[in-house]
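Worksheet for the structure shown next.
Each reported figure results from applying straightforward, stated rules to the coordinates on display, with no laboratory input. Treat the numbers as computed from the prediction; the structure is a model and nothing was measured. When we count neighbours, we look across all protein chains shown, and the Cβ atoms used for this are built from the backbone with ideal geometry, even at glycine.
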């Protein structure tokens, strides 16, 4: 079953909380390669640095470190004489000859000398620089087609137990990053953990509904083959497949104007202030903190905006907040004895510069919520849910991008595993995943 592609980010947030409610209710030969790996740490504190950008100097191929600073990267013999570049906000860019790297090597990054301990006094208020960055969108982001090969992961946990864990590799074709035309995706690889647990919340009620559904369906299809019945795994697709990359990609596209804290008509609903400046790839970044004064579109949020001082481009945006369920939904939830508590989210979107333009690099989205089901004569049920989605660009192609034939295009209306179109014979050993 598919889902509506909702305007982001507020509607994306609402989408996932409603998803939780719904769940409760219902090879050619390749060049020889080797694996290099290690942990990226702060040179002074020796603390690991998460989500560091890693790329091969003379290639658009790369990966990132995970939450613990660990990374893995497949390189070919042809890459040995090249350099591996490590880039992270606030740290000096580091280049290491690939041939010198092995497995489990530590890479130490130095904080950039430009990292300031005090806030720079600027001639204009924070909103001025946000407006300048919005004006610069047309010149800073691509209009011509480009394509990416990206690693995609989606996870649903209940009480820290994995309910769903899907990994995939997508080719994505962007006809015009500044237009409303839909992107095109082709699913190259897909896999999931097979030993995940069943959803425990309201399991008994769901099983009763399933049996009632099967009985009603069987009566309707009496005399027809049993295969006409909808299998349980398809009914469970609501939490087995969140819809693929399109909705999370839309959250990263600031050209669509969906971020309410970047909307000049809503500036008065937020407090903006300067944070200490930082750097990225030896470029000065203006850092702006923001916090909503109250609820804006049912969300209280706080975050940071990183703007390249030279080009006025948005380089990174990160924010988190709490979602307040609209009053209109509360009677429906109460009818089923359901309540949702502490619904919170976080979203990070980061861009990379190539040939003077900024392209999507990585998007990370997390949702946390507590669900409770009240019973009259039995103990109430409680569950905590975590949803995570990651989209990380491994390869970027800015010239000669090729659209995805309609027969190979991915759609959220079908299950992921039946849509694999691996016409380039890619295998997982060639993919840079986030461990």
- Message: Along the Cα→Cβ direction, 7 angstrom out, place labels at residue 78 and residue 131. What is the inter-label distance in nm?
- Response: 5.0
- Query: Hey, what does the equivalent ellipsoid look like for the stretch 37-102, semi-axes from the Cα gyration tensor as sqrt of 5 times each eigenvalue, largest first, whole Å?
  - Reply: 20, 12, 11
- Relative contact order computed over the stretch 311-430 (Cα-Cα under 8 Å; 6+ residues apart), in percent: 18
- Alpha-carbon Rg/Rh ratio, for the stretch 365-435, with Rh computed the Kirkwood way: 1.18
- Query: Separation between the residue 96 and residue 45 pseudo-spin-labels, each 7 Å from Cα along Cα→Cβ, expressed in nm?
  - Reply: 2.0
- Message: Starting from a Cα-only point model with no solvent, please compute log10 I(q)/I(0) by Debye for the stretch 63-170 at q = 0.15, 0.21 1/Å.
- Response: -1.12, -1.17
- Query: At what distance in nm do the modelled label points of residue 284 and residue 339 sit from each other, each positioned 7 Å from its Cα along Cα→Cβ?
  - Reply: 5.2
- Among rounded, prolate and oblate, which fits the stretch 281-435 when a ≥ b ≥ c are the square roots of the eigenvalues of its C-alpha gyration tensor, a/c under 1.5 means rounded, and a/b larger than b/c means prolate? oblate
- Calculated FRET value between residue 399 and residue 375, using beta carbons and R₀ = 60 Å, to 0.05: 0.50
- Note on the structure: A chain fully extended from residue 58 to residue 179 at 0.36 nm per residue, minus the present Cα-Cα distance, gains in nm 40.6 nm
